[in-house]
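Encoded as structure tokens, the structure appears first; notes follow it.
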Amino acid sequence: GCCPLSPAGAQTTQLLVEPPWTPAVLWDRVTLTCQGSGTPGATTWYKNGKHWWEEGANQFPVIESGTYQCDRPGTGLSPSVHLVNDELVLQVPAQALLEGDTVTLRCRR
């Protein structure tokens, strides 16, 4: 399979995308929210693998394309979210999908 599943009950850091489509596109006015244990102010952000200037904030609007991750004490580093600035993009819902699921696609330009 493509995506390893966490053991039942395991807590992990999650990076939520709003609006919830992937790939995320810059002109969608995307907001990233980091979810995990600990206090929101302890969130550390990374962009393209390097410390990001929004360190400490739990949520922020994204104004530049790139690959983003967040880190929370106790639950660690989130999966990465890639934000693109393409003029034409085929999007799928940003949740886990399984074979046989009915899915809505968005072709946007």
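Taking the full set of protein chains and a 1.4 angstrom probe, give the accessible area of Thr39 in square angstrom, rounded to the nearest 10.
Solvent-accessible area, nearest 10 Å²: 90 Å².
Over the chain, average the accessible area per residue using a 1.4 Å probe and give it in Å², no decimals. Numbers along the way, then the final one.
Working: 7180 Å² over 109 residues.
That works out to 66 Å² for each residue.
If I model a spin label at Leu90 and Arg29 as a point 7 Å from the Cα along the Cα→Cβ vector, what separation in nanometres do I get?
In this crude spin-label approximation the distance works out to 2.8 nm.
Enumerate the amide H contacts of Ala94 below 5 Å, restricted to partners 5 or more residues apart or on another chain; note that Pro and chain-start residues carry no placed amide H.
It is Trp21, Thr22, by chain and number.
Could you give each residue of region 88-105 its phi-based ³J(HN,Hα) in whole Hz, using Karplus coefficients 6.51, -1.76, 1.60 with θ = phi - 60°, and x for Gly or Pro?
Once rounded to whole Hz, the list reads 10, 9, 9, 10, 10, x, 7, 9, 5, 10, 10, 4, x, 5, 7, 10, 9, 9.
Which whole-Hz couplings ³J(HN,Hα) result when phi for each residue of region 17-26 is put into the Karplus expression 6.51 cos²θ - 1.76 cosθ + 1.60, θ = phi - 60°, listed in order with x for Gly and Pro?
10, 10, x, x, 10, 10, x, 6, 10, 4
Whenever you get a sec, compute what percent of the accessible area on region 14-108 sits on carbon and sulfur atoms (1.4 Å probe).
Working: 3000 of 5740 Å².
Ligands and nucleic acids excluded, carbon and sulfur reach 52 percent.
So how much accessible area does Trp21 have, in Å² to the nearest 10, using a 1.4 Å probe?
Estimated to the nearest 10 Å², Trp21 gives 50 Å².
Quick one: putting +1 on the C-beta of Lys and Arg, -1 on the C-beta of Asp and Glu, what dipole do you get for the chain around its Cα centre, in Debye to the nearest 20?
Rounded to the nearest 20 debye, it is 60 debye.
What percent do you get for the relative contact order of the chain when only Cα pairs under 8 Å and 6+ apart count? Can you show the working numbers first?
On the way: 225 pairs, mean separation 30.8, N = 109.
It comes to 28 percent, rounded to a whole number.
Cα gyration tensor of region 14-108, axes a ≥ b ≥ c as square roots of the eigenvalues: rounded (a/c below 1.5), prolate (a/b > b/c) or oblate?
Details: a/c = 2.47, a/b = 1.50, b/c = 1.65.
It comes out oblate by the Cα gyration axes.
The values are calculated or read from the model by the stated rules, or taken from the named source; none is laboratory data. Predicted model only: the values in this text are computed from it and were never measured. Cβ: placed from backbone, ideal geometry, glycine included. Neighbour counts: every protein chain shown. Just the protein is used for accessible areas: all its heavy atoms, side chains included, with ligands, DNA and RNA removed. Shrake-Rupley method; radii C 1.70, N 1.55, O 1.52, S 1.80 Å.
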